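The values are calculated or read from the model by the stated rules, or taken from the named source; none is laboratory data. Because the structure is predicted, anything quoted here is derived from the model rather than measured. So basically every Cβ, Gly included, is an ideal-geometry build from the backbone, and we count neighbours across all protein chains shown. The protein model used for the area step is the full one, side chains on, heavy atoms only, and it has no ligands, DNA or RNA in it. Shrake-Rupley method; radii C 1.70, N 1.55, O 1.52, S 1.80 Å.
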Amino acid sequence: MAVFFDESLQQNFFVPSLTSPFSQLMRDKAQGSGGYLQGRWERDLSDTSRLSLQIYYQNQQRQDAMLDFNVDTFDLDFQHAFALNEQNKLIWGLGYRRYSDAYRQAMLGSMIPSNLDYDLFSAFVQDQIDLIPHELELTVGARLEHNDFSGWEFQPNVRLLWSPYAKHRLWAAVSRAVRTPSRFDNGGILNVVAAPPQSPINLPVLVFFSGQL
């Protein structure tokens, strides 16, 4: 499957300035383009066992007053689902994602460093257990990830599903979820406002937001 897009829109920005009135409303034209390609392969090894492999590539470009970038993303995902026995249904998988980006200086924002390649590795396993067939189901699993910004992350989860009647279900879950830090979290700089002169400096001050460099 392949999808391509090309967009253009008008948007308004308040641009900070070091001269009075220290901000001005600017109408800006944003240009965006890109596309993605996706391929998927599946194979049934038996009535209770299936393999799947998915490959994904995306290119995204955007140019406006806030950010100017070109980002390539490559993603590979493998999964194997099978029945261990009559009570246990297992699924496990591996994932790999690579980003390659190039940022240029924009009027309101920039990125440090301007070019970066970074990776995300992941692995997971999950066991769906029929404690009482068609009535009580326990799911236990865990996901292990490694990214170039925060390192290793462990995300376990436990879920319990109870179906007392055919049309009624109750469930509870305990899990640890982690948000993978973004590129902007670690290297983004965004000019947000300019403060008027104040004593004792008596000079205008440009205030900006910066990620964890």
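Results, tabulated for the structure shown:
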item: Hits in segment 102-150 (condition: of a type outside the set (S, T, N, Q), open to solvent by 50 Å² or more (accessible area, probe 1.4 Å) and assigned to a loop (DSSP other than H, G, I, E, B)); result: Met107, Ile112, Pro113, Pro133, His134, Glu135, Asp148, Phe149
item: Test: Tyr99 is modelled with pLDDT of 95 or more, touching a strand residue (DSSP E or B) at 6+ places or on another chain (Cβ under 6 Å) and within 20 Å of Phe184 (Cα to Cα); result: yes
item: Hits in segment 58-101 - residues which are outside any strand (DSSP E or B) and among the aliphatic types (A, V, I, L, M); result: Ala65, Met66, Leu67, Leu84
item: Subset of segment 151-190 that is over 23 Å from Gln79 (Cβ atoms), outside any strand (DSSP E or B) and of a type in the set (Lys, Arg) - its residue that is most open to solvent (accessible area, probe 1.4 Å); result: Lys167
